[in-house]
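No value in this document is a laboratory result; all are computed from the given coordinates. Being a predicted model, the structure only gives us computed values, none of them experimental. Note that we place each Cβ from the backbone using ideal geometry, even for glycine, and neighbour counts take in every protein chain shown.
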């Protein structure tokens, strides 16, 4: 029986190749994202940083490499992230600063982000000294200093010990005063249920985290858990608390707080406002501890108004509701 060779038209080959390109590649990317979501999230974030003009730099402080991000030209602003955070946590607020003529410096605290992880106590006192050395290394004196959560505690201690180094101080949902930190343990999740609980503590509007991404987040958090543990143990000793130590803080101060923050409650911000009578307290309604991210337009607007004011804003308490936005 004779056989006949049937040639497949070239057009058919091209259609098959196009189909594989259109459908096969997205499937492969989807599978890859499922197994390695952090890789894609990091790449997207790095692209965003590149678009902002942020540069990644490293400086040696106390013998340890400390990473920082820098962008813009003009008046210096140092931005200090919170416990378990990193410099990238400020991405939502940086563009407004660089557009307004500020040069932003956002260091990774020792032990976090891309900075070194030495065998130290990770106390607020140690981190304050690292920030002081960082400012010296960049010749930043004076500079505006912004701190969020534990970063606010560090910024407040820096301003109290070295008032000449800080032109204006911004504290966002800050720690640093004695209070019953009943929800602090949620910052060390061990499983998906713990991770969901952590998000409930950080934001009044938590969103479900897909299991495939939760696994990678838990792995990342576990990697730095020993550092968070040491930092929290140091905080619990109370040796670095700022209660009764704010008399030396005479520079203009802005205190920004989410009214639904259950990690560091608004009462802390109110006590700071009372202790620093020159301060402005801005309460961001409907927001929790993640106000600089989830309510960034209002936080950014309040911060820029404060930093740009000449003369400084008078002491006041203001309520930032959504309708206050331009």
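Mean residue ellipticity, 222 nm, helices only, the chain: the sum of -39500 (n - 2.57) across DSSP H runs of n ≥ 4, divided by residue count and rounded to 500, is -12500 deg cm²/dmol. Neighbour counting of Cβ atoms within 10 Å sorts the residues 134, 112, 212, fewest neighbours leading, into 212, 134, 112.
Cβ crowding within 10 Å, taken as a proxy for footprinting-reagent exposure, orders 160, 216 from fewest neighbours to most as 216, 160. Of the residues 165, 197, 298, the one with the fewest other Cβ atoms within 10 Å heads the list, and the complete ranking is 197, 165, 298. The slack between residue 267 and residue 43, meaning 0.36 nm per residue of separation minus the straight C-alpha distance, is 76.8 nm. Scaling against 2.2 N^0.38 Å puts the C-alpha radius of gyration of segment 80-182 at 1.04. With labels modelled as points extended 7 Å from the Cα through the Cβ direction, what inter-label distance (nm, one decimal) is found for residue 178 paired with residue 133? Using points 7 Å along Cα→Cβ, the separation is 3.1 nm.
Mean separation of Cα pairs under 8 Å and 6 or more residues apart, divided by the residue count, gives segment 116-238 a relative contact order of 25 percent.
Rounded to the nearest 0.05, the FRET efficiency derived from the C-beta distance between residue 64 and residue 322 at R0 = 41 Å is 0.45. Taking a ≥ b ≥ c as the square roots of the Cα gyration tensor eigenvalues, with a/c under 1.5 meaning rounded and otherwise prolate when a/b beats b/c, else oblate, which class fits segment 252-326? Oblate is the answer for segment 252-326, as a/c is 1.5 or above yet b/c matches or exceeds a/b.
With R₀ fixed at 22 Å, the C-beta to C-beta distance from residue 315 to residue 52 puts the FRET efficiency at about 0.10.
Each peptide in 51-63, 116-128, 274-286 receives the mean, over its residues, of other Cβ atoms within 10 Å, and ordering these scores from highest gives 274-286, 116-128, 51-63. Once C-alpha pairs closer than 8 Å and six or more residues apart are averaged by separation and normalised to the residue number of the chain, the relative contact order reads 15 percent.
Each residue, residue 274 and residue 233, gets one label point 7 Å from its Cα in the Cβ direction; the gap between the two is 3.4 nm.
Rg over Rh for segment 184-288 works out to 1.05, using Cα positions for both radii and the Kirkwood form for Rh. Comparing Cα centroids, segment 244-273 and segment 70-127 end up 20 angstrom apart.
Multiplying the residue separation of residue 92 and residue 285 by 0.36 nm and subtracting their alpha-carbon distance yields 67.7 nm. Nearest-5 percent of antiparallel DSSP beta bridges in the chain? Expressed as a percentage, antiparallel bridges in the chain total about 30. Were the residues from residue 141 through residue 212 laid out at 0.36 nm apart, the gain over their Cα-Cα distance would be 21.0 nm.
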